[in-house]
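Okay, so here's the structure we're looking at.
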Amino acid sequence: MRTIDLTTNYTEGYLKNGKLEEYERQFPELFKHYFTYWGSRKSFTATLGEEEVLKRAMLIKQCLPTIEQCFLKNALDTSKLDVVLFVGGGWTNGHAFEHRGKFIVWLPIEGYETKRQVLAFVPHEIVHALHYAHSFAFYFQDKEEKERLSRLLIAEGIATAISARVMGITDGEALWADYLSESQKQSWVKKCKKRKSELYAYALKHFSSSAHSQLFYTGDPTDILKNRAGYFIGNELIKGLVQSKKLTAQELLSLPRKRFERETRGLLARR
């Protein structure tokens, strides 16, 4: 993987001089995508100081070779991927976007404080890039499509299931890293499993809607529908599909969207 580090530009162009435009100029296509789908220029503010910028960028860079080797051991080649490190507004851990005919992984480093977070969440974003490159129909080019529940369930389910397998970690670790304690993760998974039929029914009802992406947000811990249950549903659907169809990771990444949606609808209906 090739690393493109924009963090120095953040420190010099924005943190010291307060010039967001100067910072954006280093990769305008990335920032256009970022501010279109994840945040707002108007609300952008400093999330990290200079010392923390250096510390977190180094942490991610140190982990990337390990992550690349884990993918390679699972027959997934990431050697040609570009990974962009930058400081964002604290809205997301990252994703992937199309640039000049290829998909680039982008990582706002303020989302990565510990090694466990890097090893859990960076592979997730890498899988998004691989998935979009193999099955472009899952990529989004407007806000409505980005939020469509069917797309989110499959894309986030694949990213969760494959990253967990590649890194050899549990589902709870892949989704929460150390943001929750072990007992809290177990409790969250238990709640999801207990209400699995209800969650599947909800996902089936709103499968084609773009108004229920709150399933993927971290919110009210007392209401599973507002606390990342979408990731649980998506992950369970992918595992169910792998079990029933005996699909490899490579086959999952390349499965056409129409067939994927048909298969996942069927799994949701059988709940």
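Since every read-out is calculated from the coordinates, none of them should be taken as a lab result. Keep in mind the model is a prediction, meaning the values are calculated, not measured. Note that we place each Cβ from the backbone using ideal geometry, even for glycine, and neighbour counts take in every protein chain shown.
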Quiz item: Picking from Q243, Q69, Q186, which is most flexible by a Gaussian network model of the chain using Cα springs under 10 Å?
Solution: Q243
Quiz item: Rounded to the nearest 0.05, what FRET efficiency is calculated for E98 and N17 with R0 set to 41 Å and r the Cβ-Cβ distance?
Solution: 0.85
Practice problem: Would you calculate a helix-derived [θ] at 222 nm for the chain, using -39,500 (n - 2.57) for each DSSP H run of n ≥ 4 and dividing by the full residue count, to the nearest 500? | Solution: -17000 deg cm²/dmol
Quiz item: Pulled fully out, how much extra length does the chain show between M58 and L247, if you take 0.36 nm times their separation in residues and subtract their Cα-Cα distance?
Solution: 64.4 nm
Quiz item: Considering the values (i) 1.12; (ii) 1.04; (iii) 0.96, which represents Rg/Rh (Cα atoms, Kirkwood Rh) as calculated for the structure under consideration?
Solution: (iii)
Self-check item: Under 23 Å from K194, Cα to Cα: lysines that are on another chain or at least 8 residues apart
Solution: K185, K205, K226, K239
Exercise. Please sort by residue number the trypsin sites (Lys or Arg not before Pro) in the range 60-114 whose DSSP state is loop and whose Cβ has at most 11 other Cβ atoms within 10 Å.
Key: K80, R100
Quiz item: Using the count of nearby Cβ atoms within 10 Å as a rough guide to exposure, how do L59, L252 rank from fewest to most?
Solution: L59, L252
Practice problem: Mind checking which lysines have their Cα closer than 25 Å to the Cα of K61? Skip sequence neighbours fewer than 8 apart in that chain. | Solution: K16, K32, K73, K80, K102, K115
Practice problem: Run the dipole for the chain about the Cα centre, Lys and Arg Cβ at +1, Asp and Glu Cβ at -1, nothing else charged, and hand back the magnitude in debye, nearest 20. | Solution: 1240 debye
Quiz prompt | Nearest-20 debye value, the range 136-188 charge dipole, Cβ charges on Lys, Arg, Asp, Glu | solution = 120 debye
Self-check item: Most positive-pole-ward Cα, F103, L130, H33, against dipole of the range 2-134 from beta carbon charges
Solution: L130
Quiz prompt | Relative contact order %, the range 2-134, counting alpha carbon pairs below 8 Å whose residues are six or more apart | solution = 27 percent
Practice problem: Could you give the C-alpha radius of gyration of the range 2-134 expressed as a fraction of 2.2 N^0.38 Å, taking N as the number of residues it contains? | Solution: 1.01
Quiz item: Counting alpha carbon pairs within less than 8 Å and at least 6 residues apart, what relative contact order, in whole percent, applies to the chain?
Solution: 17 percent
Practice problem: Treat each spin label as a single point 7 Å out from the Cα along the C-beta direction, and report the Y179 to A137 distance in nm. | Solution: 3.1 nm
Practice problem: Could you point to the residue in T78, G89, S244 farthest towards the positive end of the chain's charge dipole, with +1 and -1 charges on the Cβ of Lys/Arg and Asp/Glu respectively? | Solution: S244
Self-check item: R0 of 25 Å, Cβ-Cβ distance S187-W38: FRET efficiency to nearest 0.05
Solution: 0.30
Exercise. Normalising by the residue count of the range 121-170, find the relative contact order in percent from Cα pairs under 8 Å and 6+ residues apart.
Key: 48 percent
Quiz prompt | Spacing of the two label points (7 Å from each Cα toward its C-beta) at L225 and E29, in nm | solution = 4.1 nm
